[in-house]
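Before any comments, here is the structure.
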Amino acid sequence: MSEHLIPLLSSPYVKRLGVRFDDHGDELTGILPYDDTLVGNPLIPALHGGAIGAFMEITASAALMAASRLAALPKPIDVAVDYLRPGRPSDVFARAMITRQGSRVANVRVDAWQERRQALIATLHGHFLIKPDDAS
Amino acid sequence: MSEDIQAHLDSLAPLLVAGSPHAVALGMELVSIAPDRAVMRAPYRDDLIGDSETGILHGGVVTALLDHACGVAAFAGLGGQAGTATLDLRLDYMRPAEPGRDVIAEARAIKASGLFAFVNAIAHDGDPDDPVATATAAFMITRVSQEAAERAKAKIGESATPISDISITGSGAGS
């Protein structure tokens, strides 16, 4: 696990959701382990859209922190989430792609899936405010 | 007619949070519901902090609150007669919420009929003129079977608190 991610993974809310990352070189996969408290609608049953959105925001932050040394956690400026399929009661995975990283603002896209990578359950794209660590 | 819709929404109100385990886990509360709008609150809580150094709530909490409030407003806009599936949710984060303050989401269904519902919402921490975030959401309208609705009611209805009795403390959360 990259030490760059420690400030993110020590966030109480990130810990509470149970988000962790699988780190293979410069490829980072976010994992949201299934928990009953993630369910939004028990009748279907489907995961809460807000939990999936939050997980994708966290994955975007992790990708930015893994890509370069930052002095602070990235802050979302705006995000758009498309919900493609209901989230089933099982683990969710996500991978982020940094479309463009400027000196202050980064544009990031995130895909989230469950059983099959080809069957995305949601996508996110957004802008994040970043503060590069000039000291390093 | 609108009194009938309001009465119907009031009768369903306890289910709109208690029926969603994630909303319960985050300590969300329904503050008010009307035929085209919903107001919800998320409490400031230590376990929902995003950055321990600043004590600011995680943006994901605001995301989940706005998502839920928009869904409830769309449901209310349909008179509580149909379900919704979120197509997309777009959020602008204006500023961090003040540490120590609850976040309130006010959502309004701009149009809810036919196949789609469109909702606008703001989140603030006390002053609606100084929002923390704003949201725009689009929903697909789905039919809820009478049977499913009755099952939900039977499952949680009896133990749920009437909306008029809901206090502003973050009870019912955790575990």
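Every number in this text was worked out from the coordinates using simple rules, so none of it is lab data. Predicted, not measured: the structure shown is a model, and the values here were computed from it. Cβ: placed from backbone, ideal geometry, glycine included. Neighbour counts: every protein chain shown.
Across the alpha-carbon set of chain A, the Rg to Rh ratio works out to 0.97, Rh being the Kirkwood radius. The order of B:E98, B:E3, going from fewest to most other C-beta atoms within 10 Å of their C-beta, is B:E3, B:E98. Among the residues of B:38-48, the average count of other protein chain beta-carbon atoms within 10 Å of the residue beta-carbon is 1. Fewest-first ordering of B:F139, B:F116 by other beta carbons within 10 Å of each residue's beta carbon gives B:F116, B:F139.
When the P(r) of segment B:1-121 is calculated, the portion above 19 Å amounts to 47% of the C-alpha pairs. Modelled spin labels at A:R109 and B:D130, positioned 7 Å past Cα toward Cβ, are 3.9 nm from each other. Length, then width, then depth: along the principal axes, the Cα atoms of the protein assembly as shown run 65, 42, 35 Å. Potential lengthening of the chain between A:A71 and A:D22 amounts to 15.4 nm, from the contour at 0.36 nm per residue minus the alpha-carbon distance.
Inter-chain neighbour count for A:120-126: the average number of beta-carbon atoms from partner chains within 10 Å of each residue's beta-carbon is 1.
Averaged across the residues of A:38-46, what count of C-beta atoms belonging to other chains lies within 10 Å of each residue's C-beta?
6
Residue-normalised convex hull volume from the C-alpha trace of segment A:1-73: 82 Å³ per residue. Backbone geometry of segment A:106-117 corresponds, through the Karplus equation with coefficients 6.51, -1.76 and 1.60 at θ = phi - 60°, to 3J(HN,Hα) couplings of 10, 9, 10, 10, 10, 10, 10, 8, 10, 5, 10, 4 Hz, x marking Gly and Pro. Using the Cβ of A:A51 as centre and a radius below 14 Å, the other residues enclosed give a net charge of -3, where K and R count +1 and D and E count -1.
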